[in-house]
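Have a look at the structure below, then the notes.
The values are calculated or read from the model by the stated rules, or taken from the named source; none is laboratory data. None of these values were measured; they are calculated from a predicted model. Cβ coordinates were reconstructed from backbone atoms using ideal geometry, including for glycine residues, and neighbour counts include every protein chain displayed.
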Amino acid sequence: MKLPRRKFLHLAAGAAALPAVPCITWAQAYPSRPVHWIVSFAAGGPNDIVARIVGQYLSDHLGQQFVIENRAGAAGNVGMQSALNSAPDGYTIAFVGPNYAINPALYEKLPFDFIRDSVPVAGIMRLANVMDVNPTFPANNLAEFIAYAKANPGKINFASGGVGTSPHLSGELLKTMAGINLVHVPYRGTAPALADLLAGQVQVVFDNIPGSIGHIKTGKVRALGVTAPKRVAAIPDVPTIGETVPGYEVSIWYGIAAPRGTPPAIVEKLNQAVNAVLADSKLQTRLAELAGEPMPMTPAEFGKLVAEETEKWAKVIRAAHIKPD
């Protein structure tokens, strides 16, 4: 599958270059009613947590409520299809994560073409995934986990928020690089996956750090490693996976997109609002508590990031022969 990186970069740059004069009046009045922000994963998961925090700051900044709508299913495709089919007027936006750079290579047929049917709006934050086990699991660190997995091939279940999500691919990458056999159990969101980890129904969960950090700090789960290239300040005692498996790294990013055709003046106003709230020290503190850091970007810069990540994950998916359920 040839990925349209050049096409996406052209569209992102073109959106920024289009004349905004016909939309100036509309943009000045925007938003005049609540904005619906579609999060394509379950409530309580990391995407949802970040969207609700940032959404409140945007509500305060723009004077209109940002209403979070959770529409889970099919690795985020259900919610994104709904968002992209909405009127391109700035009143429906979509929460974007790595799954939208992953899905084009994972699924042979999608009900939408994310690059074609969306316009990049803004970056939000960067963070990492974390590998959690139930405290009763017989491994206190990643080296012990790998040894146990090699002694018990195919007997460890690892859960994620869905096939093709960044947590899923984080686990698949570990399997490949560590030479272990784990059985993937996909869930409709990381919140239910964590619930089953706490209940002992699965042994391992790969999750975005915001969804797990509360459980890690209270000792309800044991974190064996983070996927970032360096330790995370919010949980400094948790080593990187790369400390045990050299070369291992997965970075996570979040942002906002809107349906194609959304007026450039609206996109620019949203972008400026997001970048303004990301500069707020109180929001930065909240994001740091979730092990994330702000990622202010222009629409074109965010589009470039998505395009580059699309190429990266396509190579991983083809090499691992990953198919959706």
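Among strands (runs of 3 or more DSSP E) entirely within the range 111-187, having at least 1 residues that are in contact with a Lys or Arg (Cβ under 6 Å, 6 or more places away or on another chain) singles out 118-133. Reported count of residues in the range 281-321, each being of a type in the set (K, R) and either touching a Leu at 6+ places or on another chain (Cβ under 9 Å) or without any contact (Cβ under 8 Å) to a residue 60 or more places away in the chain (or both), is 3. Considering A265, A319, the condition of being at pLDDT 95 or above, in a helix (DSSP H, G or I) and not aromatic (F, W, Y) is satisfied by A265 alone. Residues of the range 290-309 that are under 16 Å from L270 (Cβ atoms) and in a helix (DSSP H, G or I): P299, A300, E301, F302, G303. Out of curiosity, is G247 closer than 27 Å to Q64 by Cβ and not aliphatic (A, V, I, L, M)? It is false that G247 is closer than 27 Å to Q64 by Cβ and not aliphatic (A, V, I, L, M).
Number of residues in the range 259-288 that are farther than 12 Å from V54 by Cα and under 17 Å from the mean Cα position of the chain (by Cα): the value is 1. Is it the case that some residue within the range 229-240 is assigned to a helix (DSSP H, G or I), in contact with a strand residue (DSSP E or B) (Cβ under 9 Å, 6 or more places away or on another chain), assigned by TED's automatic domain parsing to the domain that holds N134 and on the phi < 0 side of the Ramachandran plot? No, that holds for no residue. The set of residues in the range 24-68 being within 21 Å of Q284 (Cα to Cα) and among the polar types (S, T, N, Q) consists of N47, Q56, S59, Q65.
For the range 54-80, filtered to residues that are of a type in the set (S, T, N, Q) and touching a residue at least 12 places away in the same chain (Cβ under 8 Å), the residue that is farthest from D325 (Cα to Cα) is Q64. Among the residues making up the range 219-228, a single one is in a loop (DSSP other than H, G, I, E, B), touching an Asp or Glu at 6+ places or on another chain (Cβ under 8 Å) and not aliphatic (A, V, I, L, M): T227. Pairs needed: first member in the range 30-41, small (G, A, S); second member anywhere, crowded, with 20+ Cβ neighbours inside 10 Å; C-beta distance under 6 Å; at least 6 residues apart or different chains. Short answer, once both residue conditions are applied: S40/G76; S40/G79; S40/M80. Of the residues making up the range 24-72, those that are among the aliphatic types (A, V, I, L, M) and closer than 15 Å to Q272 by Cβ are I24, A27, V35, V54, L58, L62.
Taking the criterion of being small (G, A, S), under 20 Å from L169 (Cβ atoms) and at pLDDT 95 or above, would at least one residue in the range 274-287 satisfy it? The answer is no, given that none of the residues of the range 274-287 is small (G, A, S), under 20 Å from L169 (Cβ atoms) and at pLDDT 95 or above.
For I180, state whether it is over 19 Å from the mean Cα position of the chain (by Cα), outside the structural domain of R52 (by TED's automatic domain parsing) and free of Cβ contacts under 8 Å to residues at least 60 places away in the same chain.
yes
Is it the case that V226 is farther than 24 Å from T285 by Cβ and buried (at least 23 other Cβ atoms within 10 Å of the Cβ)? In short, no. Candidates are the residues of the range 241-254 that are outside any loop (DSSP other than H, G, I, E, B) and over 18 Å from the mean Cα position of the chain (by Cα); the one that is farthest from L127 (Cα to Cα) is E243. Of all the listed residues (G225, G211), the sole one being at pLDDT below 95, not assigned by TED's automatic domain parsing to the domain that holds G97 and not basic (K, R) is G211.
Does F95 meet the test of being outside any helix (DSSP H, G or I), among the hydrophobic types (A, V, I, L, M, F, W, C) and at pLDDT 95 or above? Considered against the rule, which asks whether it is outside any helix (DSSP H, G or I), among the hydrophobic types (A, V, I, L, M, F, W, C) and at pLDDT 95 or above, F95 comes out as yes.
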